[in-house]
1. In sequence order, what are the phi-derived ³J(HN,Hα) couplings for the range A:39-50 according to the Karplus relation 6.51 cos²θ - 1.76 cosθ + 1.60 with θ = phi - 60°, rounded to whole Hz, with x for glycine and proline?
2. Kindly compute the accessible surface that chains B and A hide from a 1.4 Å probe when together, both sides summed, and give it to the nearest 100 Å².
3. Could you derive backbone 3J(HN,Hα) for the range B:126-142 from the dihedral phi with the Karplus parameters 6.51, -1.76 and 1.60 (θ = phi - 60°), listing whole Hz in sequence and x where the residue is Gly or Pro?
4. Leaving out ligands, DNA and RNA, and with a 1.4 Å probe, what % of the accessible surface on the range B:80-206 is carbon or sulfur?
5. When the helix-only estimate is applied to chain B (DSSP H runs of n ≥ 4, each -39,500 (n - 2.57), divided by the residue count), what is the mean residue ellipticity at 222 nm, nearest 500 deg cm²/dmol?
6. Helix by helix through chain A, keep the DSSP H runs that span 18 Å or more along the axis on Cα and average at least -1.0 on Kyte-Doolittle, and give those back in order.
7. Suppose R0 equals 45 Å; then what is the FRET efficiency for A:I12 and B:A213 from their Cβ-Cβ distance, rounded to the nearest 0.05?
8. Determine the gain in length on full extension of the stretch A:T138-A:C99; use 0.36 nm per residue of separation and subtract their C-alpha separation, reporting nm with one decimal.
Amino acid sequence: MTAVSMTVNGQIVSADIDPRTLLVQFLREQLRLTGTHVGCDTSQCGCCVVHVNGDALKSCTTLALTCDGAQIVTIEGLATGDVLHPMQAAFRENHGLQCGFCTPGMIMTAVELVRRKGANLDEHTIREELEGNLCRCTGYHNIVKAIAAGAQAMGAAAE
Amino acid sequence: MYDFQYLRPATVDEASRVLATQPDARPMSGGMSLLPATKQRLSHWSAIVDLGGVAGLDEIRMEHGALVIGARARHVSVLSSSVVRAAIPALAELAEGIGDPLVRNRGTIGGSVANADPAADYPAALLGLGATVVTNHREIAADDLFTGLFETALEAGEIITAVRFPVPKRAAYAKYRHPASRYAVVGAFVAETAEGVRVAVTGAASHVFRVPAFETALSKSLSQDALVGVTPAYGDLNADLFASSEYRAHVIGEMVRRAVQACLHPSTPSRNA
């Protein structure tokens with residue numbers, strides 16, 4: 001067992017863990033933050049995307065020990081109290097989900113995309129940037145619409 | 001995953017000492033290939049030596065007219081680097097086509113090169129540009145580095161610290177990507193260098209290789225016409241459920257043609273949509 005400490009959604013957490021523990025296992029099983037999902041467990045579907053030091057990455061393909069000292073944000077950390085993050089609100093308004101399993105990963109990827117490429121995103125860019133996130137309800141059309149709207153809302157909120 | 005010891009050394013020397021004394025220990029950079037393979041129990045390590053704690057290996061800079069990229073520079077850093085875009089835009093475009101944004105946020109050039117996946121993109125750039133790999137022990141020409149399927153000339157305890165690219169007159173990478181994984185079914189890197197044209201192909205065999213017949217033809221004239229009638233003889237090309245070896249041989253020619261076109265007209269998209 002090895003000691004690990006990181007900041008998750010603003011709270012410092014510490015634990016002794018098996019070195020094999022994946023970040024997604026640490027978040028779900030140790031911290032009971034089950035909003036981050038495990039879809040494929042083979043680095044393909046993106047349901048497990050979280051932010052580590054501001055970068056969106058697949059928490060099923062990251063060792064928890066690698067994140068020692070890091071700042072982690074999960075889907076649970078996006079809203080402010082009862083007020084949804086603009087990207088979450090845009091997914092609701094645009095019906096950007098069907099079963100909802102992929103949604104946490106979609107939203108975490110989308111929020112980082114806006115930080116990286118700005119609020120004005122064309123459809124082609126959004127579709128290219130969603131390469132690492134799979135939706136098996138084939139609901140991409142409304143997801144793309146939601147991300148475009150959410151990006152605009154994030155841009156407006158930042159002004 | 002099989003049990004392993006996790007180590008996070010602060011220096012290359014410290015990492016090297018562990019790797020030199022434990023033959024079954026494995027260095028990890030971004031872990032984008034290592035962790036999926038380890039999770040599937042395709043590999044069993046006594047220790048994973050996480051190089052993420054080693055500072056200062058991610059710098060991108062020009063040095064004596066050559067582009068030097070630190071081994072721990074992530075794909076996202078290479079694709080967005082103004083230094084790379086100015087010196088070798090084809091390299092930034094190649095990095096932009098690796099995996100997906102989440103992989104590009106984590107994966108590194110040194111990790112990709114050391115892993116030597118037969119379908120990885122960076123090896124084509126290294127061989128096509130005639131790059132030099134800098135390790136903690138020595139410098140290795142790209143021509144001598146890739147020796148087989150996931151095999152390199154790197155020795156136990158040897159760690160890549162940087163890759164040095166001579167700046168070509170022009171260069172382009174064309175990739176026929178697998179629609180799901182975005183690995184190269186076939187990728188061709190064409191570069192016009194001071195010593196002539198170099199052509200490197202990835203995805204098509206056990207490891208990246210050059211195509212002398214195309215290089216000779218294109219060194220006389222970097223043009224589509226120069227390729228007419230040139231039919232290289234290949235060794236064993238890969239055959240899998242995505243492409244037969246005959247098909248790959250055909251696609252090599254097409255990717256080389258597209259890369260030449262992109263060299264001549266840099267605004268031409270060289271990646272397949």
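The values are calculated or read from the model by the stated rules, or taken from the named source; none is laboratory data. Bear in mind that the values here come from a model prediction, so they are computed numbers and not experimental data. Cβ sites come from the backbone with ideal geometry, for glycine too, and all protein chains shown count toward neighbours. The accessibility values were calculated without ligands, DNA or RNA, using every heavy atom of the protein model including side chains. Shrake-Rupley method; radii C 1.70, N 1.55, O 1.52, S 1.80 Å.
1. x, 9, 6, 10, 6, 10, 8, x, 5, 9, 5, 9
2. Details: alone 12620 and 8280 Å², together 18670 Å².
Buried: approximately 2200 Å² between A and B.
3. For the range B:126-142, the Karplus curve yields 4, 6, x, 8, x, 6, 10, 8, 9, 10, 6, 10, 6, 10, 10, 5, 4 Hz.
4. On the way: 2000 of 3960 Å².
After summing per-atom areas, the C and S share lands at 50 percent.
5. Details: 11 runs with 87 residues, N = 273.
My calculation for chain B gives -8500 deg cm²/dmol from helical runs alone.
6. Values: long enough: A:103-117 (20 Å, 0.17); A:140-158 (26 Å, 0.70).
The answer, listed by residue number, is A:103-117, A:140-158.
7. Details: r = 61 Å, r/R0 = 1.36.
So the FRET efficiency works out to roughly 0.15.
8. Working: separation 39, 0.36 × 39 = 14.04 nm, distance 1.04 nm.
Fully extending the segment from A:T138 to A:C99 adds 13.0 nm.
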